[in-house]
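Right, one structure below, let's go through it.
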Amino acid sequence: MENVSNSSAHEEKPADVEELLREGNNVSIKVRGYSMYPFLIPGKDSVIVEPAAGMDAFKRGEVLLYRRATGLLVLHRVWKVKNDGLYFVGDNQMEIEGPLDRKQVIGRMVSFEKNGRYHDVSWAPYYISSRVWLFLRPLRGSISRFIHKLKS
């Protein structure tokens, strides 16, 4: 679905994100860092995250907001769901993080803003390309080197 409304989301400072989600609000978060590049560009793209309270089923490929044991809030893609926990990977990373306890998850990305337009995570171009990129995780280093060689 394109042009998802941002009316129910609050854009807040990172310190307020968890509290707003606990209150049941959707939150708009400006992307920082390159771990989710090329799908999410820092300083340019935003995401809408819904509260994870009450969620017990997580799926491979969806993007979740979770709190690491260090206290850092992270937005990464689910690589694998297992009995011992959830495993994550950033779109610009090759290393898998996990297992993390499901209780560390505080939100789920439901839409994103790219070039001034909102798209639902089920938007076909995003959904298909993100799943292909997830499948290609073991080859990302080779793909990136090849692309950089082509550009130079």
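Values in this text are rule-based calculations from the coordinates and carry no lab data. What you are looking at is a predicted structure, and each value in this text was computed from that prediction instead of being measured. FYI the Cβ positions are ideal-geometry reconstructions off the backbone, even for glycines, and counts take in every protein chain you see.
Yes/no per residue for (1) surrounded by 18 or more Cβ atoms within 10 Å (Cβ to Cβ); (2) farther than 20 Å from residue 23 by Cα:
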| position | (1), (2) |
| --- | --- |
| 45 | no, yes |
| 50 | yes, no |
| 54 | no, no |
| 61 | no, yes |
| 88 | yes, yes |
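Do the conditions hold for residue 23, that is, is it surrounded by fewer than 20 Cβ atoms within 10 Å (Cβ to Cβ) and farther than 21 Å from residue 79 by Cα?
Yes, satisfied.
Can you give me the number of residues within the stretch 93-118 that are buried (at least 17 other Cβ atoms within 10 Å of the Cβ), in contact (Cβ under 8 Å) with a residue 40 or more places away in the chain and not charged (D, E, K, R)?
9
Identify all residues within the stretch 56-86 that are farther than 24 Å from residue 124 by Cα and either among the hydroxyl-bearing types (Ser, Thr, Tyr) or in contact (Cβ under 8 Å) with a residue 40 or more places away in the chain (or both); write none if there are none.
56, 66, 67, 70, 73
Which ones in the stretch 86-101 are touching a helix residue (DSSP H, G or I) at 6+ places or on another chain (Cβ under 7 Å) and either of a type outside the set (A, V, I, L, M) or under 17 Å from residue 32 (Cβ atoms) (or both)?
Selection gives 91 alone.
Take the stretch 72-86 and flag every residue that is surrounded by 15 or more Cβ atoms within 10 Å (Cβ to Cβ), within 23 Å of residue 45 (Cβ to Cβ) and not aromatic (Phe, Trp, Tyr).
73, 74, 75, 76, 77, 78
Within the set of pairs 6+ apart or on separate chains, which have a first residue in the stretch 119-138 that is exposed (fewer than 10 other Cβ atoms within 10 Å of the Cβ), a second that is part of a loop (DSSP other than H, G, I, E, B), and C-beta atoms under 8 Å apart?
That search, which allows pairs on different chains as well, returns 138/94.
Among the residues of the stretch 95-146, how many are under 13 Å from the mean Cα position of the chain (by Cα) and in a loop (DSSP other than H, G, I, E, B)?
1
Name the residue that is nearest to residue 130 (Cα to Cα), counting only residues in the stretch 75-94 that are out of contact with any strand residue (DSSP E or B) (no Cβ under 7 Å at 6 or more places or on another chain) and outside any strand (DSSP E or B).
92
Quick one: would you say residue 82 is farther than 21 Å from residue 32 by Cα and out of contact with any Ser or Thr (no Cβ under 7 Å at 6 or more places or on another chain)?
Yes, satisfied.
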